[in-house]
């Protein structure tokens, strides 16, 4: 039964990591918003804003460029705020849950498991920073109670 559940989740991970799939979803949403723009007159301002946001997302996805907005506001530098992706278009994270640009310093969030962490608080901090219960792609919280890697020793981050 557990093996069956794991096999059912693999296609979702493959789709999420597939650039063509992400581009297709954005393109479909653009078409839907464009159609609604002409049909739903009362929501035209909202739909126009949504269309431009989707165009921005499309541009970022095509160019494979992203920026850390917090860092951008702090430094004012696009160069220092640029975030790189791996070859599949996924962000890389270090053990603290920070997005990194060097694959030697981190890996995809779904590649981490409890063995990567020394203590439960370290795993908890990572778990919360990369999405928590709502985005537990690496299943650090098996029982979905909000506590990651409960079997690890207590300690400090």
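The values are calculated or read from the model by the stated rules, or taken from the named source; none is laboratory data. Nothing here was measured: the structure is a model prediction, and the numbers come from that model. No Cβ is skipped: glycine too gets one built from the backbone with ideal geometry, and neighbour counts run over all protein chains shown.
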Taking the range 126-157, which residues are crowded, with 18+ Cβ neighbours inside 10 Å and within 16 Å of residue 95 (Cβ to Cβ)? 126, 127, 130, 138, 140, 148, 149, 152
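Does the range 47-64 include one or more residues that are more than 24 Å from the chain's Cα centre (by Cα) and without any contact (Cβ under 8 Å) to a residue 24 or more places away in the chain?
Yes, the range 47-64 contains at least one residue that is more than 24 Å from the chain's Cα centre (by Cα) and without any contact (Cβ under 8 Å) to a residue 24 or more places away in the chain.
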Look at residue 133 and say whether it is modelled with pLDDT of 85 or more and part of a helix (DSSP H, G or I). no
I'd like the residue in the range 84-114 that is within 15 Å of residue 131 (Cβ to Cβ) and in a loop (DSSP other than H, G, I, E, B) and, out of all such residues, is modelled with the highest pLDDT. 112
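Mind checking which residues of the range 34-78 are in contact with a strand residue (DSSP E or B) (Cβ under 7 Å, 6 or more places away or on another chain) and surrounded by 14 or more Cβ atoms within 10 Å (Cβ to Cβ)?
Scanning the range 34-78 gives 66, 67, 68.
Can you give me the number of residues within the range 3-39 that are closer than 20 Å to residue 59 by Cα, modelled with pLDDT under 80 and assigned to a helix (DSSP H, G or I)? Outline the logic, then answer.
Step one: list which residues in the range 3-39 are closer than 20 Å to residue 59 by Cα, which gives 15-34.
If we keep only those that are modelled with pLDDT under 80 too, we end up with 15-20.
When the remaining residues are screened for being assigned to a helix (DSSP H, G or I), the result is 15-16, 19-20.
Of the residues in that region, 4 qualify.
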Limited to the range 115-130, what total is found for residues that are under 16 Å from the mean Cα position of the chain (by Cα) and in a loop (DSSP other than H, G, I, E, B)? 1
Does at least one position in the range 59-72 carry a residue that is at positive phi and modelled with pLDDT of 80 or more? no
